[in-house]
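Read the structure below first, then the notes.
The values are calculated or read from the model by the stated rules, or taken from the named source; none is laboratory data. Note that the coordinates shown come from a computational prediction; the quantities given were computed from them, not determined experimentally. With ideal geometry, Cβ positions are generated from the backbone for all residues, glycine too; neighbour counts draw on all protein chains shown. The area values use the complete protein model at the heavy-atom level, side chains included, leaving out ligands, DNA and RNA. Shrake-Rupley method; radii C 1.70, N 1.55, O 1.52, S 1.80 Å.
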Amino acid sequence: MTLNVMRLHSREEFQTWLANDLEVRNELYALMGGELGTDEASLDTLEAFLLGRYKTPDDALQLSERAVLDAAARHIGLVMLLNVDGASWAIDLENQDSVYYRLPIIRLADGAEECPLSMATAVLDRRAGHYLRNLVETYEEDYNSDSKE
């Protein structure tokens with residue numbers, strides 16, 4: 001199974017996706033038994049939850065589990081937005097050759113892109129325990145102005 005099943009089809013659908021962010025993340029936090037913070041350490045908690053729940057990315061992409069994966073991606077994106085200078089939500093609806101075509105992405109200040117949904121599934125492949133935090137901290141080192149002084 002691939003992320004194709006979770007691709008959005010229009011700017012309006014993307015805007016609706018963004019508008020539902022808090023509600024969807026709150027459902028995830030309730031499922032996890034408590035709200036996550038917005039710092040990098042919260043990504044370790046999320047990663048442990050995902051690793052405990054799923055053995056493979058395909059397990060998370062099952063119809064009954066897609067909402068959990070989507071909520072996890074939203075939390076990853078939120079942490080990036082709040083901790084990586086110049087990060088913003090975006091979607092590419094034009095370039096059909098892009099690996100992130102029609103998926104919500106985080107666009108960085110220099111135009112580089114990262115897909116929180118693919119980051120969430122990568123956790124399930126790598127099974128490292130700190131993959132998400134390490135990745136976001138690398139983006140912070142690369143993009144945050146105070147880390148370059």
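What number of residues within segment 6-21 are under 18 Å from Ala120 (Cβ atoms) and open to solvent by 70 Å² or more (accessible area, probe 1.4 Å)?
Number of matching residues: 0.
For segment 128-149: of the residues being at pLDDT 95 or above and surrounded by fewer than 13 Cβ atoms within 10 Å (Cβ to Cβ), which is farthest from the chain's Cα centre (by Cα)?
Per the stated criteria, the residue is Glu141.
Per-residue answers, yes or no, for (1) charged (D, E, K, R); (2) at pLDDT 95 or above; (3) in contact with a strand residue (DSSP E or B) (Cβ under 9 Å, 6 or more places away or on another chain):
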site	(1), (2), (3)
Thr56	no, no, no
Leu61	no, no, no
Val68	no, yes, no
Arg74	yes, yes, yes
Leu78	no, yes, no
Leu82	no, yes, no
Asp85	yes, yes, no
Ala90	no, yes, yes
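Here are Ala67, Ala122, Ala73: which of them is assigned to a helix (DSSP H, G or I) and surrounded by 19 or more Cβ atoms within 10 Å (Cβ to Cβ)? Walk me through it before giving the result.
On the way: Ala67 fails: surrounded by 19 or more Cβ atoms within 10 Å (Cβ to Cβ); Ala122 fails: surrounded by 19 or more Cβ atoms within 10 Å (Cβ to Cβ).
Of the residues listed, the single one that is assigned to a helix (DSSP H, G or I) and surrounded by 19 or more Cβ atoms within 10 Å (Cβ to Cβ) is Ala73.
Looking at this structure, is Leu117 in contact with a helix residue (DSSP H, G or I) (Cβ under 7 Å, 6 or more places away or on another chain) and closer than 23 Å to Leu50 by Cα?
Taking the combined requirement at face value, the residue satisfies it.
Go through segment 27-43 and give me each residue that's surrounded by fewer than 16 Cβ atoms within 10 Å (Cβ to Cβ) and in a helix (DSSP H, G or I).
Across segment 27-43, the qualifying residues are Glu27, Tyr29, Ala30, Leu31, Ala41.
Are any residues in segment 50-64 buried (at least 16 other Cβ atoms within 10 Å of the Cβ), touching a residue at least 60 places away in the same chain (Cβ under 8 Å) and either in a helix (DSSP H, G or I) or not hydroxyl-bearing (Ser, Thr, Tyr) (or both), and if so, which ones?
Answer for segment 50-64, where residues must be buried (at least 16 other Cβ atoms within 10 Å of the Cβ), touching a residue at least 60 places away in the same chain (Cβ under 8 Å) and either in a helix (DSSP H, G or I) or not hydroxyl-bearing (Ser, Thr, Tyr) (or both): Leu50, Leu51, Pro57, Ala60, Leu61.
What are the residue pairs meeting all of these: first residue in segment 81-104, first residue within 18 Å of Ala19 (Cα to Cα), second residue among the β-branched types (Val, Ile, Thr) and part of a loop (DSSP other than H, G, I, E, B), Cβ atoms under 8 Å, and 6 or more apart or on different chains?
Every condition considered, the pairs that remain are Leu82/Thr38.
Which ones in segment 78-121 are under 18 Å from Asn4 (Cα atoms) and among the basic types (Lys, Arg)?
Arg102
Please verify whether Glu114 is surrounded by 14 or more Cβ atoms within 10 Å (Cβ to Cβ), of a type outside the set (Gly, Ala, Ser), closer than 26 Å to Glu12 by Cα and modelled with pLDDT of 95 or more, treating the condition exactly as stated.
So Glu114 fits the description; yes.
In segment 87-111, how many residues are hydroxyl-bearing (Ser, Thr, Tyr), open to solvent by less than 40 Å² (accessible area, probe 1.4 Å) and outside any loop (DSSP other than H, G, I, E, B)?
Residues meeting the conditions: 0.
Residues to consider are Val24, Val84, Val79; find the one that is closer than 21 Å to Ala128 by Cα and either surrounded by 12 or more Cβ atoms within 10 Å (Cβ to Cβ) or touching a Cys at 6+ places or on another chain (Cβ under 8 Å) (or both).
Val79
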